[in-house]
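Comments concern the structure below.
Read the figures in this text as sums done on the coordinates, not as results from a lab. On a predicted model such as this, the values are computed, not experimentally measured, just so you know. Every residue, glycine as well, gets a Cβ built from its backbone with ideal geometry; the counts of neighbours run over all protein chains shown.
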There are 2 protein chains.
Amino acid sequence: MKELKINPEISSYIDFSSYEGKEIELTGMIQNLRILAWGGFLILRTANYIIQTVCDKNNVSFPLETLTVEQTVKIKGLLQKATIKDKSIYPRDYEVQVREIEIISSPSVNPLPVDTTKKELNAGLDTKLDLRPLTLRHAKQRAIFKISSVIYNEFGNYLTKVGFTRICSPKIVFSGAEGGANIFKIDYFKRNAYLAQSPQFYKQMMVGVFGRVFEEAPVFRAEEHDTSRHLNEYISLDFEMMLQNGFEDLIVMETNVLRHIFDELKKQCQNEIELLEIELPSLEKIVCLKFSEVHEIVFNNFKKDFRSEKDLAPEEERLICEYAKKEWGTEFVFITHYPTEKRPFYAMSDSANPAETLSFDLLFRGIEITTGGQRLNKYEDYIAKMTKLGMNVDSFNSYLQAFKFGMPPHGGLGLGLERLTAQICKLSNVKEASLFPRDINRLEP
Amino acid sequence: MKELKINPEISSYIDFSSYEGKEIELTGMIQNLRILAWGGFLILRTANYIIQTVCDKNNVSFPLETLTVEQTVKIKGLLQKATIKDKSIYPRDYEVQVREIEIISSPSVNPLPVDTTKKELNAGLDTKLDLRPLTLRHAKQRAIFKISSVIYNEFGNYLTKVGFTRICSPKIVFSGAEGGANIFKIDYFKRNAYLAQSPQFYKQMMVGVFGRVFEEAPVFRAEEHDTSRHLNEYISLDFEMMLQNGFEDLIVMETNVLRHIFDELKKQCQNEIELLEIELPSLEKIVCLKFSEVHEIVFNNFKKDFRSEKDLAPEEERLICEYAKKEWGTEFVFITHYPTEKRPFYAMSDSANPAETLSFDLLFRGIEITTGGQRLNKYEDYIAKMTKLGMNVDSFNSYLQAFKFGMPPHGGLGLGLERLTAQICKLSNVKEASLFPRDINRLEP
């Protein structure tokens, strides 16, 4: 038997201020390297920092010309104050005067296939995605995924704080929740099963248990078209809750969540925001338009006639966002009351006008990032609606039993993590906001 | 255009203390109901509380006999101090004297197929799972999943605090990471693809980017056997990190994470712990045994001879935990140095004895809850190992390129959320710790 020491230190950040003027030892990968006549600069990357180190030939005997980017090295030296302008470096108020360098591991190709040391990563989308383990090491690529990670964390943190319980619903399912043909089939011990298109059925069932639930998990859509807005696998940030005042509770709750996320991004991602030269949106007012209004506004202001359409075309989403920004100074528009015939069977219709649903999409900077709404909550209403649509009610029994057992008025929404990240970071393709995107042509890496 | 009010109130908990002696309005589902000659008790459940309300016929004219459990009702009444013993109720220091009751929705079957109001849920495992949307409403069932939710949240919170970045890796993959036949096949646009058995390849690639990464996500194992320890889909809590001192860093880090989780459970789940009558484990020392020692201890102390086995049998895991508890007073044992031939190709062998790996399992109360270890980090080592094992190196190119581009010494682990929850809650079958478990016979609900 061997007993190890419980050591909280293994967990901790380096607090650079406590090392000022003192010897420090750091291990990291070489993010960047500049060799000059007098010595050179070595930029080291780890989880917690990308720090500048200075190698003066008078102090360090190591042959600097043997160093290459993406080596892992251990250095020892003196931590001292500095004033660094390069926004990819943090902290920017310290640097290390190096005394010793030891190489821990090295790449086995030289040169690397793309240069990750330049201010911009000079590579097309396919190259970026093919060489993901390398291209993601570029400072700006890392910044995108730091932001994405904070969004994921803070969505959950906010909802937990206000009484939501996290759930984990199965991704292998007996039936699609969203209808249509865009569903992946699995061979499940010689039976047919599918990959979940959304946690819809499960989060509804769980409202009966916990009242307020959320989930952050992958969903799968077998979309055959390869666009800049679609992924075949993405992270859906979902919540579902009892309603007290109607479906507009959902819009207010989403606004609260997003405001919290933007506040936290401001606190936790200042380096990344500066580096990417982006501006966080502000959500100071909640602007709602009825679906039917959108066609009119677009027709009257842009002379484009979508009035016979039962859904919003991508161009229309862009135009209405442009209009909302100009007219009401907001980058967010909630579009409510989508036509009943375009929403899934579980959508609650407006009793005042059954052709419209108590549902909404949220558009942000020209793109839909959320779909949500109130759901049916009475068993009889499900049977009537599904029968009318010609659905096989029996095959949904294990879901419908929840309504038999009693369910409160409820609703919820799904927010696409990659779309939100892409819009915040001003990326032109949602794939750039996915670490390892899946599309009709891409399964690797 | 309609503008909604930004209303942080919609998010907030009810602070009962501020309503003491005042009128309060509550909406919830009827968790339990006791009708007596003078009136009755109505226990209301929502996200935030399971509160006792008192219906005195002198105060409330509503016909109490029309109420049933699992109805959603809105009540108005006076909040007053109380001293309640029932551990399924919280808060226990307040109750409501009801004046008005309104039924919002009702179950469409009566009686319900199982009684969720008794102290224990009197149902076998299959019934529990078949009727999940109802049985999960039982107070003790809810408690299990509240605990599970806090474990998930706090695993991420701790790691975030100490510099880890959350990643989301794809679940549709080009190849299995864990080898073997237990992998689900998907029809991916006429190509073969698989469901990820673990995020192994991706979290390793991401160590090269962020140094410390974690993921909390479903993994999929096509295990044909139906046991009390296995699920075909479960939540894997994973981290992967650069190592500075060797693979034992991982054991210390996992200990820190678990200690944090137990501290938070103590703070956040006091009601649930009392209700389930469980005791949280304490992790006061880190006990490590070499794999080879385990066989000897079990042979010498229990007269069971597993000495020729290259893996630990379930019985042996139970016995060594029993021994560790008696001998060292701990419910946790790390078993290190598993045989190289039993670990996957990416496992790092011990240079002092290449037949053993720098790897470990963590056993807790008789069951393995974690597998982890140091990984190979040199490209050449991967090629040599995979060639020796007769693997098709080319089919792993998109993964192996990460090592070509340079990778630091690193390792990580996966912790099964359902197993940890089941062991903490003393459940006899891991399926009881999964909301909607999947096994060879079960795809619904």
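Assorted remarks:
- Selection from A:Pro344, A:Asn377, A:Phe360, by position along the positive dipole direction of segment A:328-380 (Cβ): A:Asn377
- Rounded, prolate or oblate (a/c below 1.5 giving rounded, otherwise prolate when a/b exceeds b/c) for segment A:11-105 by Cα gyration tensor: rounded
- Counting every pair of alpha carbons in segment A:272-337, the share spaced more than 15 Å apart comes to 54 percent.
- A:Lys74 label point (Cα plus 7 Å toward Cβ) to equivalent points in the other copies: 6.7 nm, shortest first.
- Counted by Cβ distance under 13 Å from A:Val98, the other residues give a net charge of -2, where Lys and Arg count +1 and Asp and Glu count -1.
- Assuming charge only on the beta carbon of Lys and Arg (+1) and of Asp and Glu (-1), the dipole of segment A:11-105 about its Cα centre is about 200 debye to the nearest 20.
- Shielding by other protein chains, A:41-51, mean Cβ within 10 Å: 3
- GNM result for chain A, Cα springs below 10 Å: residue of A:Ser308, A:Ser395, A:Ser169 fluctuating most strongly: A:Ser308
- Here segment A:1-74 and segment B:90-143 have alpha carbon centers that stand 58 Å from each other.
- Simple spin-label estimate for B:Glu368 and A:Gln244 in nanometres, 7 Å along Cα-Cβ: 4.9 nm
- Electrostatic dipole magnitude of chain B [Cβ: Lys, Arg +1; Asp, Glu -1; Cα centre; debye, to 20]: 580 debye
- Annotation: for a label point projected 7 angstrom from Cα along Cα→Cβ of A:Asn397, residues of segment B:425-445 with backbone N closer than 18 Å are B:441-445.
- With the charge dipole of chain A set up from +1 on Lys and Arg Cβ and -1 on Asp and Glu Cβ about the Cα centre, the Cα lying farthest toward the positive end among the listed residues A:Gln270, A:Ser308, A:Ser17 is that of A:Ser17.
- Bins of 20 Å, starting at 0 and running to the largest distance - Cα pair percent for the protein assembly as shown: 14, 45, 34, 8, 0
- By other beta-carbon atoms within 10 Å, ranking A:Glu223, B:Glu70 with the fewest at the front produces A:Glu223, B:Glu70.
- Beta bridges by DSSP in the protein assembly as shown, antiparallel share as percent, to the nearest 5: 90 percent
- Highest-first arrangement of A:237-248, A:202-213, A:71-82, where packing means the average Cβ count within 10 Å: A:202-213, A:237-248, A:71-82
- Residues considered: B:Asp226, B:Asp311, B:Asp15. Largest GNM mean-square fluctuation over chain B, using C-alpha springs under 10 Å, is found at B:Asp15.
- Each peptide in B:379-386, A:365-372, A:323-330, A:146-153 was scored by the mean count of other Cβ atoms within 10 Å over its residues; highest first, the order is A:146-153, A:365-372, B:379-386, A:323-330.
- Partner chain coverage, peptide B:241-248 - average Cβ within 10 angstrom: 3
- Prolate/oblate/rounded label for segment A:369-445 (Cα gyration tensor, a/c 1.5): prolate
- Charge dipole (debye, nearest 20) of segment B:199-297; +1 at Cβ of Lys and Arg, -1 at Cβ of Asp and Glu: 360 debye
- Along its three principal directions, the equivalent ellipsoid of segment B:139-433 from the Cα gyration tensor extends over semi-axes of 30, 24, 19 Å, largest first.
- Sequence of A:Asp350, B:Asp56, A:Asp305 once ranked by neighbouring C-beta atoms within 10 Å, starting from the fewest: A:Asp305, B:Asp56, A:Asp350
- Of A:Lys203/B:Lys266; A:Lys203/B:Lys426; A:Lys171/B:Lys426; A:Lys404/B:Lys426; A:Lys303/A:Lys326, those spanning more than 22 Å from alpha-carbon to alpha-carbon: A:Lys203/B:Lys266; A:Lys203/B:Lys426; A:Lys171/B:Lys426; A:Lys404/B:Lys426
- Residue of B:Gly179, B:Gly414, B:Gly124 that the Gaussian network model of chain B assigns the largest fluctuation, springs spanning Cα pairs under 10 Å: B:Gly124
- Segment B:198-270 shape via C-alpha gyration tensor axes, a/c threshold 1.5: oblate
- The alpha-carbon positions of segment A:197-324 define a convex hull whose volume is 179 Å³ per residue.
- Projecting 7 Å from Cα along the Cα-to-Cβ direction, the label point of A:Gly329 sits 6.6 nm from its equivalents in the other copies, listed shortest first.
- Each copy carries a label point for B:Pro354 at 7 Å from Cα toward Cβ; from one copy, the others' points are 7.6 nm away, ordered from shortest.
- Partner aspartates and glutamates whose Cα lies under 18 Å from the Cα of B:Lys310, excluding those fewer than 8 positions away in the same chain, are identified as B:Glu178, B:Glu293, B:Glu296, B:Glu341, B:Asp350, B:Glu356, B:Asp361, B:Glu368.
- The mean count of C-beta atoms from other chains within 10 Å of the C-beta of residues in B:166-177, rounded to a whole number, is 6.
- Residue of chain A nearest the A-to-B rotation axis [by Cβ], rounded angstrom distance: A:Ile186, 3
- Structure-based [θ]222 nm, the protein assembly as shown - -39500 (n - 2.57) summed over DSSP H runs of at least 4, per residue, nearest 500: -8500 deg cm²/dmol
- Toward the positive end of the charge dipole of segment A:389-444, with +1 on the Cβ of Lys and Arg and -1 on the Cβ of Asp and Glu, the farthest Cα among A:Gln401, A:Gly414, A:Ser428 is that of A:Ser428.
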